[in-house]
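First comes the structure, then the notes that go with it.
The values are calculated or read from the model by the stated rules, or taken from the named source; none is laboratory data. Note that the coordinates shown come from a computational prediction; the quantities given were computed from them, not determined experimentally. FYI the Cβ positions are ideal-geometry reconstructions off the backbone, even for glycines, and counts take in every protein chain you see.
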Amino acid sequence: MYNTRSFSDKFFLVIKGLCMGAANKVPGVSGGIVAFVGGFYEEFIYSLRKVNRKAFKLLLGGRFKSFYTYINGTFLSLLIFGMLVSYFSVSKLLDYFLVQKELFVWSAFFGMVLGSIYYIGKDFEHWSRKTIIAGTIGLLVGISISFLSPAKENDNLFFIFICGIISVSGMTLPGLSGSFILILLGNYVLLLVDSVNALYDTFAEMLVGDFSFIRNQARLNILRILAVFTAGSATGLVSLSHLLSYVLKYYRHITTAVIIGFITGSLGVVWPWKRTIFKINAQGQNLIDSNGKEIIANYERYIPDFTQTENWWSLVFMAFGFIILLGLDWYGKHRKESIVTLK
C-alpha cells in the first residue's frame, strides 16, 4: 500500500527526514512534532510497529522482499537516510556555535522549549482532577531537576544504551524532546555532538586513506560509545512505538499533562545565562577527563545585565526559537485547512 511512491514522494520523504533529524538534535523540539504537522506521524508509528516478531521471521527466513514490504521499507529507509544526513550536518553546526556563541545557542534553545510548552498546551482542554495532579507531579519533578546539580557526563556503556532509548522518545511522542532529556542526564554534548563529529571525522579520514584513528584510543572510545548509543536508539525506536500505542490509548491526557508540567518545571536547565564551573586540582588547574575535556562541576545561573548588548541579542535568539515552534504550529493548521478544502 505505502511502498508505491512517485519520485517526488521519495524526494520529500528525505527532506522530511532531514527536518526530523534536525529537530531531534535541538533541545525543546521533538521530531514527533515535525512528523505530526508534516502529516506522516501515523504512517511513521504504523511502520515502526511492523518491526515485530513476524518481520524477524521473514528476515531470518531469507524473505527479504517480503520483509521490506511488510515494514514499509521504502518509507522508513528514505526517512532514516534523511535523519542520518541531518545528524552529521547539524552536529557540526552545533559544535561550532556552542564554542563560539554559546549564550545565543542556549537562548534559542530556551525559546524553543517555551514554544514547545505552548504547542503542547494550547489545545489541551482536558484539565481535570487527575490531569492537574499529573501535571503538578511533572512540574515538581522538573523544578527539582532544575535546582539539582547537573548530571555529570557519564560514558558507562549501559547508561549510554539507556540514553539511546531515551533519545528517540521525541520521535515517537510529539512534544517530548529526547535531546532535552539528554541535557538533564548530562550526556547531550557527548552523544549528539562529540560522538557524531568523531564518526564524521573518521569517515573523512578514511576517504583520503588516513587510518591513523586506529591508534587513537580516545577516538576509538568515543566510536564505541556511539555504537552502543545507536543500538539503544534502534531498540528504543521499535519498543517505544509499541509502548506508545498502549499509553496513548489508555492514558493520553494524563501523559500529556505530565509532559507539560515536566517541561515547564525544567526550564531552569536550559536557562541561557549561566557560568560554567569546572573541577580543579590542588594547583588550581581544571581537571581533564579521559577524552581530554574539562570536567564540569556545576553551573552558576545569574540574572542578565541588559546594559550589555549581547543580552539583548540573546532575547532576539530566544524569540527566534519560539517563532520556530509557532511556524510549525502554523504549518500544521495550514496543512489541515488545505486538506479540508481539497476534500
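Please find, within the range 288-314, the residue that is modelled with the lowest pLDDT out of those that are part of a loop (DSSP other than H, G, I, E, B) and surrounded by 13 or more Cβ atoms within 10 Å (Cβ to Cβ).
In this case the residue turns out to be N291.
Is it true that E205 is at pLDDT 75 or above and acidic (D, E)? It is true that E205 is at pLDDT 75 or above and acidic (D, E).
With respect to being part of a helix (DSSP H, G or I), of a type in the set (V, I, T) and at pLDDT below 85, I166 fits the description.
Residues in the range 55-66: is at least one buried (at least 17 other Cβ atoms within 10 Å of the Cβ) and of a type in the set (A, V, I, L, M, F, W, C)? For the range 55-66, residues buried (at least 17 other Cβ atoms within 10 Å of the Cβ) and of a type in the set (A, V, I, L, M, F, W, C): present. If you filter the range 202-217 down to residues that are surrounded by 14 or more Cβ atoms within 10 Å (Cβ to Cβ) and in a helix (DSSP H, G or I), you find that the one that is nearest to the chain's Cα centre (by Cα) is T202. Considered as a group, the residues in the range 97-141 that are within 12 Å of A257 (Cβ to Cβ) and hydrophobic (A, V, I, L, M, F, W, C) include one that is modelled with the lowest pLDDT, and that residue is I120.
Considering (1) closer than 24 Å to F262 by Cβ; (2) in a helix (DSSP H, G or I), the lone condition that S89 does not fulfil carries the number (1).
Of all residues in the range 69-96, those satisfying the criterion of being at pLDDT below 80 and of a type outside the set (G, A, S) are Y87, F88, V90, K92, L93, L94, D95, Y96. Restricting the search to the range 255-273, which residues are surrounded by fewer than 18 Cβ atoms within 10 Å (Cβ to Cβ) and assigned to a helix (DSSP H, G or I)? Passing the criteria: L267, G268.
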